[in-house]
């Protein structure tokens, strides 16, 4: 089955999920009034994990101002589905303030035979070269959110995040005689929003987004470059409360971004330091959230 059909099927499943929740709400005897429910604790810890697959929608890289545009799905073999994992921990204070720490692994390794000459940072990989490709872009993100509504059944939170990127690109001929690498570590400031609505006593839908556009080198984490960067991590999810401590959810996510510019950090390496890297992906995942028992 084509990857697009798989994603479309999951989207249909999510909307069907919302319809089931509405039907469940209509058929339920009587929901417990909001005023009768337990108020949110003063301090609450939550652990969240997601597991699913990632589809590369588009991905291009150019290293060196005279380099080739390397399109990973066509040239680098990124045309499969890849395992997606995301872990986060949350600390909520008085139902209004939330601190989030997130870990996102992303490491795609492929093997291809080049169908054309490809030049990266002044080095040409000839046509028909067996090529090992590694694209790793794991990141770590800390966030603060303030809930404007402050209720246990709904949320509209705004805030900011600071993400630490940890990028590694490696291109190596199978015989080991040709290689180009690029590594980059730096902070990325983001704006953040999160919302959640109850469909019934147990069913809910929500959305979450982190994003930024950084035309200024200083706030993009590289004060010696003319780099322009952007990132968007946006998701739509629907879930159900299984117990007072456990919720499960289905999540659809767009994760994309990149950067373009010349960095002085690369001047001692091969090439002139110019890099253009843009990535767009979609993920489908099942998630579980566990609320640690409160001491309140």
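The values are calculated or read from the model by the stated rules, or taken from the named source; none is laboratory data. These numbers were taken from a predicted model, which means no experiment stands behind them. Counting neighbours? That spans all protein chains shown, and the Cβs are built from the backbone with ideal geometry, glycine included.
Are there any pairs, at least 6 apart or on different chains, whose C-beta atoms fall under 7 Å, with the first in segment 228-253 and touching a residue at least 24 places away in the same chain (Cβ under 8 Å) and the second part of a loop (DSSP other than H, G, I, E, B) and surrounded by fewer than 21 Cβ atoms within 10 Å (Cβ to Cβ), and if so, which? Close Cβ pairs (under 7 Å, with a partner that is part of a loop (DSSP other than H, G, I, E, B) and surrounded by fewer than 21 Cβ atoms within 10 Å (Cβ to Cβ)) amount to 228/215; 240/202; 241/202; 245/293; 248/242.
Considering each residue of segment 109-119 in turn, at least one proves to be over 17 Å from residue 175 (Cα atoms), without any contact (Cβ under 8 Å) to a residue 60 or more places away in the chain, more than 28 Å from the chain's Cα centre (by Cα) and buried (at least 17 other Cβ atoms within 10 Å of the Cβ). All of 121, 117, 147, 132 fail the test of being touching a strand residue (DSSP E or B) at 6+ places or on another chain (Cβ under 9 Å) and under 30 Å from residue 198 (Cβ atoms), apart from 147. Could you check, for segment 243-261, whether at least one of its residues is within 15 Å of residue 66 (Cα to Cα) and modelled with pLDDT under 95? Yes, because at least one residue in segment 243-261 is within 15 Å of residue 66 (Cα to Cα) and modelled with pLDDT under 95. Restricting attention to segment 262-285 and to residues that are in a strand (DSSP E or B) and over 29 Å from residue 193 (Cβ atoms), the residue that is modelled with the lowest pLDDT turns out to be 263. Within segment 45-100, the set of residues being surrounded by fewer than 16 Cβ atoms within 10 Å (Cβ to Cβ) and closer than 16 Å to residue 157 by Cβ comprises 91, 93, 94, 96, 97, 99. Condition check: crowded, with 18+ Cβ neighbours inside 10 Å, in contact (Cβ under 8 Å) with a residue 40 or more places away in the chain and over 18 Å from the mean Cα position of the chain (by Cα). Does residue 201 satisfy that? When the stated conditions are applied, residue 201 does not pass them.
Identify all residues within segment 134-149 that are surrounded by 15 or more Cβ atoms within 10 Å (Cβ to Cβ) and either within 21 Å of the chain's Cα centre (by Cα) or without any contact (Cβ under 8 Å) to a residue 12 or more places away in the chain (or both); write none if there are none. The answer is 134, 135, 136, 137, 139, 141, 143, 144, 145.
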